[in-house]
Structures are given as C-alpha cells and as structure tokens.
1. Once every DSSP H run of n ≥ 4 in the protein assembly as shown is given -39500 (n - 2.57) and the sum is divided by its residues, what mean residue ellipticity at 222 nm do you get, rounded to the nearest 500 deg cm²/dmol?
2. Give, rounded to the nearest 20 debye, the magnitude of the charge dipole that the protein assembly as shown has about its Cα centre when Lys and Arg contribute +1 at Cβ and Asp and Glu contribute -1 at Cβ.
3. Would you work out the charge dipole size for chain A about its Cα centre, treating the Cβ of every Lys and Arg as +1 and the Cβ of every Asp and Glu as -1, and quote it to the nearest 20 debye?
4. Need one number: nm distance between label points at A:Gln263 and A:Glu247, each 7 Å from Cα along Cα→Cβ, rounded to one decimal.
5. Suppose we flag GluC sites (Glu not before Pro) only when DSSP calls them loop and at most 10 other Cβ atoms lie within 10 Å. Which is the longest uninterrupted stretch of chain A?
6. Provide A:Lys116, A:Lys78 ordered by accessible surface of protein heavy atoms (probe 1.4 Å), highest first.
7. Straight distance only, please: which lysines reach the Cα of B:Lys95 with their own Cα at less than 21 Å, same-chain residues fewer than 8 apart left out?
8. Would you tell me the mean number of C-beta atoms belonging to other protein chains that fall within 10 Å of each C-beta in A:21-29, as a whole number?
Amino acid sequence: MTSPDVPGLAGSPFGENPSFVDLLRKARPDALPPASRQPVGELSVPHGTTVLGLKYADGMLMAGDRRATSGNLIADAKMRKVFPADDYSAIAIAGAAGQAVEIVTLFQLELEHYEKITGDRLSLEGKANRLAQMIRGNLPAAMQGLVVVPLFGGFDERLGEGRIFFYDATGGRWEEDDFQTTGSGGMPAKNSLKKRWRPGLSREEAIRVAVEALMDAAEDDSATGGPDPARGIFPNLVAVTASGAEEVPEQEVEAAVAVVVQQRERP
Amino acid sequence: MSFMPYVAPEQLMKDRSDYAHKGIARGRSVIGCEYREGLLFIAENPSATLHKISEIYDRIAFAGVGKYSEFEDLRIAGVRLADIRGYSYGREDVKARDLANAYSQSLSMIFTQQMKPYEVEILVGEVDGGAVGTALYHVLFDGSVTDEHGYIAIGGHAEDLMEELRQRYQEGWDLTTAVKTCVQVLGAPESRTIEPVAIEAGVLDRTRTHRRKFRRLDDDEIARILSG
C-alpha cells in the first residue's frame, strides 16, 4: 500500500524547511509584521537615517549615526542601526525604524534557525539573497510609506574577503565593489567616502574614514546626528573579519572622532 | 472486512516497550554529565556530520540515541519550539523544562496511538537556567521524564555505563578529565579503546562570552585532550 501523505513523493516539498520566517507564518502569523495594511497617511513614525559600509584590508566595516527622526523632531538620539547578523555578517538599516528593527530581528533569527536546523551556516551569497526576499516581502508596507532599506555585508569564508550588498525598497540587490551608503544622509556620506576611501585601508584608517563620512553627512543632513562627546553619543560600528563579527569598542570610535575634530579645528 | 483481534492493553504496551528497548539497545550510547563549567555530552559516533548531539537554543542542548531519523525529527521540533518561543516572548523565557514536557507529551502520544513507538531516548540539558541552574532531563520513548543529577548514560549498554560512571564520576571535574574519563567509560563494556575521530562531543559552557553557550568540540581538540 502506498501512502499519499509521504512528503516529497506526492508533489509536496521534500525535506525540512530551514526558514524561520516560513515557520512563523504558519505557527504564529499574528506575530509577523502585517504584509499589507491601511495607508499610513499622516501617521508619523520614527525614521533611522544614515548608514554606510566599506571594505578594508581585513574585511568589511559598517557604521551608522545614532539619530532617529520623526518629522522635524528627534525621536531618539541613541538608536542603533548597525548589528551583527550572525558570526560572520552584519546588517545596517535605514528607513521606518520599527519596521526596520523587526526585519533585523527576523533576519538574525532566520540565519540562526537555518544554522541549527541544517547544521551549516548559510553562504554569504545565500544570506544576501534571503534578505532580498525579506525586503521584497515588506513591499506592501513600503508602498504605504514604511520603507526599509538595509545594507548587508560580511566576510565570505569561501572567497576569503569582505563583501557588501546594497538593497532598494523593492528587494533589488546589488553587490558593491568598495563602499556604499544609504539613508537620508547617504549622499554627503558617499561623497566623503569617494574622496577618502582607498583599497587596503587598515582597521584604524577604516574606522576614521567611516566616522568622518558620518560627520560630513551630519553637517549637510539635519536628520543625521553627529557625534556628541558631551552626552557620550558616538556612531555605532561593526567590523567583520575572518575571525568573526564584532562591535567596534566605543573607545576606538571616540579616538577616531577626536582625530577628525582636531584636523578640522580652526586656529 | 478486517477486524482486530483482542489484545490486552498490558500486553500491547509490553510489546511496544520491548520493541523500542531492542531498537535503542542496538545503537551506540551517549553520556551527559556535569563538569566544572557546565554540561558535557559525549558519544561514540563514526559519522562526522550526522550528529547525535546538537544545539537547541542559547543555553540548551540536545542528545539522542536510537533511530537517527526519529531523534532528528524531535531535535528539529525542539529547535522550532525554542525559536518561536524566544521570538514571541524573550530569549531567557526558553526553558529546558518546557522542552522536556513537550517531548514527553509527543512521545507518549506516539507510544500509545501510533502503529510503532519511536525507538529513541533523548537528553535535554540546560545551563544557567535562572533559579534551576543546571538541568538535565532524560525523556524515554514512552514519554516518561526524569530529572538527572551529575551524570546519565543512554542507549546501547546504558546500564553498564551507568555502573562504570557511578564509580568514576566526580563532582566539579574539569573538561579534560571529564572527556578522558567518559571516553574510557564509553569503551569499557566491550573493553576497547575508541579512536578520537569516532568521538562526538559538545558542551554547554556557561563561561562562554557568546550568547550561545553550546560549542562542539572538533576532532583536533578531542585528540589533543585525549593525548594530553
């Protein structure tokens, strides 16, 4: 007797699905951000602003300012926009803050869940593609004004180098050769990187270049927050190298800010 | 028309239980024990990729003996339960006790209602679970659960191993001593030495700075410990 219920043999998907988002959609659909919603209209939600990613000698570095704005108000002066996604990659977000942070949480879980179910880490390419699908899933919300545009990057263990991916609101995905920025202050930050970035930067130089680009963005874009030593607010940076993803310690960022401020001081 | 002949429930349960016991005794054993920094799971496993010992969540690990496909099913169900719970509430709300209860219910359901019981026994271990501290649950094929302290051996020659462990286990031993002793214990019933490459081991190390406390010991590390 053959059983029509045997998975895979009756046209149904074969094998375990390692996706956490798919699992959640089935088990707890109410916990997911809704796929379509009423027009947001005048509802003003906090927005995260400028983030950037750049390659350097050991791998890849991501940085973001700390400001979230809601219209012309500052909603949060200490928001974090750059996170390790797993042990070998990082994600930075710009756009509707609530939606963006939720996508980061889901993406981190997606990678962890995959790793536990299959016993293997996803390739960097696989992670980048998965994120593209998740951003595409957010398209209905983006059409209502809740746009989320991330940068994703990490250390490709197979190629032995850092890589950076840039996304648009529709889930379009492009790989960047050197550096990329996104968010409201993305343009001034990119112009700054254009002048200062060069191949093979050391870690210290890379941190300085990233911090300087964010400071340039803060000068030209009111939604981007500059470093504020008085209140102890500094950009948040994550470095990914062959030895893994780690938050750059605040002392290092503070030192880089001090150098840049000193260079810009007028006599 | 077919009909089922009458079988006394006692007989039915006994037959199923014997069947499961036989399946589990055919395989190799797993030992779970406490050591100074947490919990060690160690097994003889010729395969480097088909694991008996795995991570479930930040502070929780899983080990299974018996039929691979069946305990693999249970492992995946455990990862799903843990990840959904951690996402819906908070990461620290995922507890080994809840997992052990869920396993117990599923296995007991399968034991009484399915054609054949699962031929598995599993361990669910947890470190730093708040007030509970270290926990080690042993779930059997019929859904019975026990809360173990110190050490436990399941599958294969489990009884011989337990006897051996009773004599040699010491509270608070370090990782090296724990691994060395457990490897000797695993080989003891048949008086043989197990090659380092055939050892699978994983720890829940509460001193690990990473949020995820589970760590697999790779072949090099095991060989180093055993030769040291």
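The values are calculated or read from the model by the stated rules, or taken from the named source; none is laboratory data. For clarity, every value in this text was computed on a predicted model and none was experimentally measured. For neighbour counting, all protein chains shown are included, and Cβ atoms are generated from backbone atoms with ideal geometry for every residue, glycine included. In case anyone asks, the SASA skips ligands and DNA or RNA and just uses the protein heavy atoms, side chains included. Shrake-Rupley method; radii C 1.70, N 1.55, O 1.52, S 1.80 Å.
1. -12000 deg cm²/dmol
2. Around 840 debye, computed over the protein assembly as shown.
3. Here the size comes out at about 500 debye.
4. 2.7
5. Here the longest segment lacking exposed loop sites spans A:43-264.
6. On the way: A:Lys116 10, A:Lys78 110 Å².
These residues rank, largest area first, as A:Lys78, A:Lys116.
7. Once the sequence-local lysines are set aside, what remains near B:Lys95 is A:Lys116, B:Lys52, B:Lys213.
8. Numbers: counts 0, 0, 5, 5, 0, 0, 5, 4, 0.
Average per residue, whole number: 2.
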